[in-house]
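Contents: one structure, followed by commentary.
The values are calculated or read from the model by the stated rules, or taken from the named source; none is laboratory data. Keep in mind that what you see is a predicted model, and the values were worked out from it rather than measured. As a convention, Cβ positions derive from the backbone with ideal geometry for all residues, glycine included, and neighbour counts pool all protein chains shown. Areas reflect the complete protein model, heavy atoms only, side chains present, ligands, DNA and RNA absent. Shrake-Rupley method; radii C 1.70, N 1.55, O 1.52, S 1.80 Å.
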Protein chains: 2
Amino acid sequence: MRQDGRLARMIHVLVHMGLLGGRETSERIAQMLNTNPVVVRRTMASLRQYGIVKSEGGRGGGWSLTRPLTEITILDVQRALQGETILDAPLSNDHPSCPVERAANAKLQRAFQSAEQTLEREFQKVTLAEIGEIAMASAKAGKTG
Amino acid sequence: MRQDGRLARMIHVLVHMGLLGGRETSERIAQMLNTNPVVVRRTMASLRQYGIVKSEGGRGGGWSLTRPLTEITILDVQRALQGETILDAPLSNDHPSCPVERAANAKLQRAFQSAEQTLEREFQKVTLAEIGEIAMASAKAGKTG
DNA sequence: ATAGACTGTAACACTATTTGTTACGCTATA
DNA sequence: TATAGCGTAACAAATAGTGTTACAGTCTAT
């Protein structure tokens with residue numbers, strides 16, 4: 001079941017930015033993510049629109065957080081990247097007037113809504129600051145690999 | 001967030017098969033799904049492997065259920081189509097030794113596991129017989145569209 | 001002012017996945 | 001033995017995500 005890897009990648013970057021504290025260019029972020037600056041700008045633009053980061057052009061410009069990691073949850077990042085919907089029930093649309101198809105779709109939709117609520121709750125529980133702390137602790141313990 | 005539409009389509013077909021009670025050819029099933037017989041065989045093969053349907057070749061052959069709709073849940077169909085995993089956490093793999101990436105992935109994985117458990121529970125609660133009943137009721141009530 | 005270091009964005013190529021299609025072999029039955 | 005069915009490989013088409021190039025706009029140091 002293929003999904004969008006941007007959430008994990010952006011969390012990764014934001015935590016680094018929070019720990020470093022300063023401003024990062026698209027170029028440097030691209031290196032963190034093994035990708036290139038345009039992809040970074042494209043994705044960071046969603047975060048900016050949602051108010052998580054800001055960008056400044058011109059010499060000395062780059063990206064920075066608008067608030068500390070303690071005030072950013074995984075859910076915030078998710079919302080910024082994909083809007084309200086986290087999980088989308090994969091419904092069928094072969095015979096929209098068929099009562100069987102409708103009944104099946106309705107049941108699936110309810111199930112996915114429950115799962116989405118769970119995911120939402122879990123996402124909201126985790127701040128990026130927590131992730132940073134876990135990373136620092138494990139790095140200190142020498143689990144760097 | 002795009003996902004696999006086979007689950008909904010197969011539920012649709014299985015309920016029809018259960019309500020009709022007999023045997024269906026790949027050709028007829030393909031018509032129900034607005035697709036073609038090869039795609040049907042490909043997908044039905046997974047259900048057969050899991051023991052939900054059986055196929056018979058030769059003249060008069062086709063597909064039939066191995067047990068009544070009351071004994072098939074959405075989870076059964078899901079398992080047949082995709083195995084154990086329902087939701088896959090979309091993790092990042094840019095710097096596998098980076099403790100920040102690891103910590104972020106770990107948190108995401110836990111969140112998705114919770115959601116997967118919810119989905120599993122919901123899927124197991126619903127039998128195809130229920131879906132058939134809902135469909136029959138709504139058809140009787142004239143909500144056929 | 002102007003050069004340089006940035007972001008913003010359009011356009012296009014590449015890749016992987018799903019779905020659809022054609023073709024042909026095998027099997028059971030009338 | 002002709003026919004109606006499944007089994008499967010091989011290939012085409014559509015879609016989505018990602019990567020890349022190119023160029024315009026913007027800010028700052030000098």
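Values of log10 I(q)/I(0) for the protein assembly as shown across q = 0.10, 0.11, 0.15, 0.16 Å⁻¹ run -0.65, -0.74, -1.03, -1.11, by the Debye formula with one identical scatterer at each alpha carbon and no solvent.
Taking all Cα pairs closer than 8 Å and separated by 6 or more residues, the relative contact order of chain B comes to 25 percent.
Computed over protein heavy atoms with a 1.4 Å probe, the accessible surface of the range B:21-65 works out to 57 Å² per residue. If you take the Cα centroid of the range B:12-35 and the Cα centroid of the range A:1-68, the two points sit 49 Å apart. Residue order by solvent-accessible surface for B:His16, B:His95 is B:His95, B:His16, largest first, with ligands and nucleic acids left out and a 1.4 Å probe. What is the sum of charges, Lys and Arg at +1 and Asp and Glu at -1, for the other residues whose Cβ falls under 10 Å from the Cβ of A:Val39? Charge balance near A:Val39 sits at +4.
Of all alpha-carbon pairs in the range A:55-122, indicate the percentage at a distance above 19 angstrom.
So the pairs more than 19 Å apart make up 57 percent of the total in the range A:55-122.
Placing unit charges on the Cβ atoms only, positive for Lys and Arg and negative for Asp and Glu, gives the range A:1-129 a dipole magnitude near 320 debye about its Cα centre.
Pairing chains B and A buries close to 4600 square angstrom of accessible surface in total, based on protein heavy atoms and a 1.4 angstrom probe. With every protein chain in place and a 1.4 angstrom probe, the accessible-area ranking of B:Arg42, A:Arg6, largest first, reads B:Arg42, A:Arg6. Taking a Cβ cut-off of under 10 Å around B:Thr66, the surrounding Lys, Arg, Asp and Glu residues balance to a net charge of +2, with basic ones at +1 and acidic ones at -1. Shape analysis of the range A:89-144 based on the Cα gyration tensor places the equivalent ellipsoid semi-axes at 44, 11, 7 Å, largest first. Between B:Asn36, B:Asn105, B:Asn93, the residue with the greatest mean-square fluctuation in the GNM of chain B (Cα pairs under 10 Å linked by springs) is B:Asn93.
The dipole here belongs to the protein assembly as shown: it is taken about the Cα centre, uses +1 on the Cβ of Lys and Arg and -1 on the Cβ of Asp and Glu, and is about 340 debye. With the charge dipole of chain B set up from +1 on Lys and Arg Cβ and -1 on Asp and Glu Cβ about the Cα centre, the Cα lying farthest toward the positive end among the listed residues B:Val100, B:Gln82, B:Leu119 is that of B:Gln82. Protein heavy-atom surface of chain B, 1.4 angstrom probe: 46% of the accessible area is carbon and sulfur, with nucleic acids and ligands not counted.
Buried by at least 40 Å² relative to the chain on its own: which residues of the range B:26-68 qualify, computing accessible area with a 1.4 Å probe on protein heavy atoms? Output list: B:Asn34. Rg then Dmax, both in Å and based on the Cα atoms of the range B:1-44: 10.6, 37. Computed over the alpha carbons of chain A, Rg followed by Dmax gives 18.9, 61 Å. For the range A:10-24, a decrease in accessible area of 50 Å² or greater in the assembled protein chains relative to the isolated chain, with a 1.4 Å probe, applies to A:His12.
Tell me, what is the per residue accessible area of the range B:68-120 in Å², probe radius 1.4 Å?
Dividing the accessible area of the range B:68-120 by its residue count gives 41 Å².
Over the range A:78-145, Cα pairs under 8 Å with separation of 6+ residues give a relative contact order of 27 percent. Shown for A:Ser97: label points 7 Å from Cα along the beta-carbon vector, and their distances to the equivalent points in the other copies, 6.4 nm in ascending order.
For the residues B:Lys125, B:Lys107, B:Lys54, a GNM of chain B with alpha-carbon springs under 10 Å puts the largest fluctuation on B:Lys107.
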